[in-house]
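Participant: I am attaching a structure below and will ask some questions about it afterwards.
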Number of protein chains: 2
Amino acid sequence: MTEYNPKQIEIISITEKLFAEKGFDGTSIREIAKAADINVAMVSYYFGSKEKLLDAIILYRLSSFRLMLENLQAENITAKEKVSKFVAIYIKRIYENRDIYQILHYEIVNQNRTSNFPAFSEIKKNNLKLLEEIIQEGQKEGVFKQNCKSVLIPPIAIGAFFQIYNNKKFYQELIGLQDEISFENYILNEFTNDISNVILGMLIQ
Amino acid sequence: MTEYNPKQIEIISITEKLFAEKGFDGTSIREIAKAADINVAMVSYYFGSKEKLLDAIILYRLSSFRLMLENLQAENITAKEKVSKFVAIYIKRIYENRDIYQILHYEIVNQNRTSNFPAFSEIKKNNLKLLEEIIQEGQKEGVFKQNCKSVLIPPIAIGAFFQIYNNKKFYQELIGLQDEISFENYILNEFTNDISNVILGMLIQ
DNA sequence: AAAAAAATTAAACAAACGTTTAATTTAAAC
DNA sequence: GTTTAAATTAAACGTTTGTTTAATTTTTTT
């Protein structure tokens, strides 16, 4: 795997934000160069092309995605608590990596690019597998229903989060969250708790 | 309000699909012209510019969005049944208008365009108002909790739908839905029912 | 049938795009 | 301190972009 030097990582980070905000097609190399305070030729020099820069962003961010949830299974808590923890860790990770999620989401919808996202599918599958193990545990404990819709859990969590995040102004006004910090607090506490309860309500008999 | 002739409506419909698939920036006027079998100059001739064509698409689709849910409140059924019906109508409408939802979603995230979406916010607010009336009804009936998170209902429904729709291939494989028809059936029946239950689980004491 | 209006066309426009070049500066190696 | 490699630059490349022009065809009106 390719290692990136500090200059490359800086370009990756700045471009990640721009792509998430304005989209791949909506962001020009000249904009990137200006934001990162580099010459336009540097993108090609370091990454080969704009599209390969996108690949680099995805590769760079996704590489740190593995593990994190692995330890959860081993913990000595009830299945119900594990689901709550899963949701909390999941939403936190999405929130913290919202830029790359936004980019990936759009690039998956938008078939213009030929980037391959099998790595992303793999992560999703692993998450689901872990989740199903936890649910089976809860079924054995007799607290979860037998026909649980585990597949719906990630889309509910991710989907609801991005619906609110992408309509931030609308919901900030609605819920009454003035600044960025109170919004972040809402997401990581109240929202996380609510979604956790919604999902548990679906699982518990 | 401007009326559109059949030729304009054809351009609107074809462009709507292209914008939803490839994004505003990812779709060129020449692509639109080719798909709609018209000369490139016709877009400017009929709509003024590419950006005004986007406005026309939004205006044209959103104008048919009002009502639909209005009658629900008057029906002689329980609040619980009303919520189920609300969710079903809501998901159906999103599914049938998924292209314009996709465009709006992206354009709201993407601040490149100066299109104003107060009409869309208005629709969302009206939906929420109706929903809260139904919930209050259910609270009076004594079936719904006192502190209900009604704000979360639309984002859960829309969010979960688009998470699945935008990762269609992934979920088709996962759930086992070979063709387009069985996917549509899944969304309008099983998925709608599951989401309805999830939301009711959140409301019922 | 003649005149007026609307629709359609091919061609051209300048601007912006991603990318490459070749020259220059900076840093590392010896 | 000289040589070699890496980083950075301004300029130019050929395309593609959205839009406009001016000429032509089609349709409508009288």
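The values are calculated or read from the model by the stated rules, or taken from the named source; none is laboratory data. As the structure is a prediction and not an experimental result, all values here were calculated from the model. Methodologically, a virtual Cβ is constructed for each residue, glycine included, from the backbone with ideal geometry; neighbour enumeration extends over all protein chains shown. To get the accessible areas, we keep the full protein, side chains included, count just its heavy atoms, and leave off ligands, DNA and RNA. Shrake-Rupley method; radii C 1.70, N 1.55, O 1.52, S 1.80 Å.
Participant: How do the helices (runs of 4 or more DSSP H) wholly within the stretch B:22-106 filter down when requiring 3 or more residues that are near DNA strand D (Cβ under 10 Å from one of its atoms), open to solvent by 20 Å² or more (accessible area, probe 1.4 Å) and closer than 23 Å to B:ASN5 by Cα: which remain?
Facilitator: The helices (runs of 4 or more DSSP H) meeting that bar are B:29-36, B:41-47, B:50-62.
Participant: Of the conditions (1) within 10 Å of chain B (Cβ to nearest Cβ); (2) in contact with a Leu (Cβ under 9 Å, 6 or more places away or on another chain); (3) open to solvent by 30 Å² or more (accessible area, probe 1.4 Å), A:GLN111 satisfies every one except a single condition; which number is it?
Facilitator: Of the numbered conditions (1) within 10 Å of chain B (Cβ to nearest Cβ); (2) in contact with a Leu (Cβ under 9 Å, 6 or more places away or on another chain); (3) open to solvent by 30 Å² or more (accessible area, probe 1.4 Å), the odd one out for A:GLN111 is (2).
Participant: Here is a further query. Within the set of pairs 6 or more residues apart or between chains, which connect a residue that is within 14 Å of B:GLN111 (Cβ to Cβ) inside the stretch A:13-26 to a residue that is part of a helix (DSSP H, G or I) and acidic (Asp, Glu) with Cβ atoms less than 6 Å apart?
Facilitator: These pairs meet every condition: A:LYS17/A:ASP99; A:ALA20/A:ASP99.
Participant: If you go through the stretch B:11-43 one residue at a time, how many are farther than 20 Å from B:ARG61 by Cβ and of a type in the set (S, T, N, Q)?
Facilitator: Residues flagged as farther than 20 Å from B:ARG61 by Cβ and of a type in the set (S, T, N, Q) within the stretch B:11-43 amount to 2.
Participant: Separate question: Can you confirm whether the stretch B:144-151 contains a residue that is among the hydrophobic types (A, V, I, L, M, F, W, C), more than 8 Å from every other protein chain (Cβ to nearest Cβ) and outside any helix (DSSP H, G or I)?
Facilitator: Looking only at the stretch B:144-151, we keep the residues that are among the hydrophobic types (A, V, I, L, M, F, W, C), and these are B:144, B:148, B:151.
Those still in the list that are more than 8 Å from every other protein chain (Cβ to nearest Cβ) too: B:144, B:148.
Imposing the further condition that a residue be outside any helix (DSSP H, G or I) reduces the set to B:144, B:148.
Scanning the stretch B:144-151 turns up at least one residue that is among the hydrophobic types (A, V, I, L, M, F, W, C), more than 8 Å from every other protein chain (Cβ to nearest Cβ) and outside any helix (DSSP H, G or I).
Participant: When you check A:GLU3 against the structure, is it surrounded by fewer than 16 Cβ atoms within 10 Å (Cβ to Cβ) and away from DNA strand C (no atom under 12 Å from the Cβ), yes or no?
Facilitator: yes
Participant: Looking at A:LYS124, A:LYS129, which is the one that is facing chain B (nearest Cβ under 10 Å) and open to solvent by 20 Å² or more (accessible area, probe 1.4 Å)?
Facilitator: A:LYS124
Participant: Moving to a separate point now. Any chance you could count how many residues in the stretch B:160-205 are aliphatic (A, V, I, L, M) and more than 10 Å from chain A (Cβ to nearest Cβ)?
Facilitator: Number satisfying all stated conditions: 4.
For (1) assigned to a loop (DSSP other than H, G, I, E, B); (2) at pLDDT 95 or above; (3) not charged (D, E, K, R), each residue gets a yes or a no:
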{"site": "B:THR114", "(1), (2), (3)": "yes, no, yes"}
{"site": "B:PHE120", "(1), (2), (3)": "no, no, yes"}
{"site": "B:ILE123", "(1), (2), (3)": "no, no, yes"}
{"site": "B:GLU133", "(1), (2), (3)": "no, no, no"}
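Participant: Pull up the stretch A:16-37, narrow it to residues that are more than 11 Å from DNA strand C (Cβ to nearest atom) and of a type outside the set (Asp, Glu), then point me to the one that is farthest from the other protein chains (Cβ to nearest Cβ).
Facilitator: A:ALA36
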